[in-house]
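The block underneath contains the structure these notes are about, expressed in structure tokens.
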Amino acid sequence: MRFLSRRLVMPNDLNFSGSLFGGRILEWIDEEAYIFASCQLEAKSLVTKHIGAITFETSAFQGDVVEFGLQVKSVGRTSLAITCLVRNKHTKQNICSADDIVFVHIDPETRQPTPHGITKDQLDDMPEPL
């Protein structure tokens, strides 16, 4: 799994008990997974179709740096499924995992699913980013 981006937990990201709000982390996961999927498919016309099992393991607090690990789970004709792991950058403790985040490639005008033309083998053959 490649850890590709990081976020700093700020005061406006906290819930009433002073830890990272679950809704905020889900927002970040959706955004980070979209960016990852968009880069993998070299396409921006993607919509979130489904987010599967979400597991919260530990809390994050103000000042913590969280990082997002993403990997391709499967590739369909019009879709791409991603797995995301969020962990504390310093302690390496898992904060949250989201499995089976599915994006569908759509035609920007008709908004209908359209083949993206990429296979899992093609993604596996792509060089790692620096």
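Quick one: Asp99 ticks every box in (1) in a loop (DSSP other than H, G, I, E, B); (2) in contact with a Gly (Cβ under 9 Å, 6 or more places away or on another chain) except a single one, so which number is it?
(1)
Can you tell me which residues in the range 91-110 are under 18 Å from Lys49 (Cα atoms) and either touching an Asp or Glu at 6+ places or on another chain (Cβ under 9 Å) or aliphatic (A, V, I, L, M) (or both)?
Ser97, Ala98, Ile101, Val102, Val104, Ile106, listed by residue number.
Looking at (1) assigned to a strand (DSSP E or B); (2) more than 22 Å from Pro113 (Cβ to Cβ); (3) β-branched (Val, Ile, Thr), which is the only condition Thr58 fails?
(1)
Note down all Cβ pairs under 8 Å where the first residue falls in the range 33-48 and is within 16 Å of Leu4 (Cα to Cα), the second is at pLDDT below 90 and open to solvent by less than 20 Å² (accessible area, probe 1.4 Å), and they're at least six residues apart or on different chains.
Listed pairs, sorted by first residue: Gln40/Leu123.
Looking for something open to solvent by 50 Å² or more (accessible area, probe 1.4 Å), closer than 21 Å to Arg2 by Cα and among the aromatic types (Phe, Trp, Tyr) - is there at least one such residue anywhere in the range 98-120?
No, the range 98-120 contains no residue that is open to solvent by 50 Å² or more (accessible area, probe 1.4 Å), closer than 21 Å to Arg2 by Cα and among the aromatic types (Phe, Trp, Tyr).
Give the residue, chosen from Glu32, Glu67, that is within 26 Å of Ser17 (Cα to Cα), outside any strand (DSSP E or B) and either modelled with pLDDT of 95 or more or among the small types (Gly, Ala, Ser) (or both). Before you say what the answer is, go through the steps one by one.
Numbers: Glu67 fails: outside any strand (DSSP E or B).
The match here is Glu32.
Does any residue in the range 56-75 that is of a type in the set (Lys, Arg) come within less than 8 Å, Cβ to Cβ, of a residue that is open to solvent by 10 Å² or more (accessible area, probe 1.4 Å) six or more places away or on a different chain, and which pairs are these?
From the range 56-75, the pairs are Lys73/Thr83; Lys73/Asp99; Lys73/Asp100.
Looking at the range 1-45 only, could you name the residues that are open to solvent by 70 Å² or more (accessible area, probe 1.4 Å), within 29 Å of Pro115 (Cβ to Cβ) and of a type in the set (Lys, Arg)?
Listed by number, the list holds a single entry, Lys44.
Would you pick out the residues in the range 77-110 that are more than 30 Å from Gln62 (Cα to Cα) and in contact (Cβ under 8 Å) with a residue 60 or more places away in the chain?
Phe103, His105, Ile106, Asp107, Pro108
Of these, Thr83, Thr48, Thr55, which one is at pLDDT 95 or above, touching a Lys or Arg at 6+ places or on another chain (Cβ under 9 Å), open to solvent by 20 Å² or more (accessible area, probe 1.4 Å) and closer than 19 Å to Asp100 by Cβ? So that I can check it myself, show each step before the final result.
On the way: Thr48 fails: touching a Lys or Arg at 6+ places or on another chain (Cβ under 9 Å); Thr55 fails: touching a Lys or Arg at 6+ places or on another chain (Cβ under 9 Å).
On inspection, the qualifying residue turns out to be Thr83.
The values are calculated or read from the model by the stated rules, or taken from the named source; none is laboratory data. Please read these numbers as outputs of a predicted model, since none were measured by experiment. Glycine also receives a Cβ, built like all others from the backbone with ideal geometry; neighbour counts cover every protein chain displayed. Heads up: the accessible areas ignore ligands, DNA and RNA and are worked out on the full protein's heavy atoms, side chains in. Shrake-Rupley method; radii C 1.70, N 1.55, O 1.52, S 1.80 Å.
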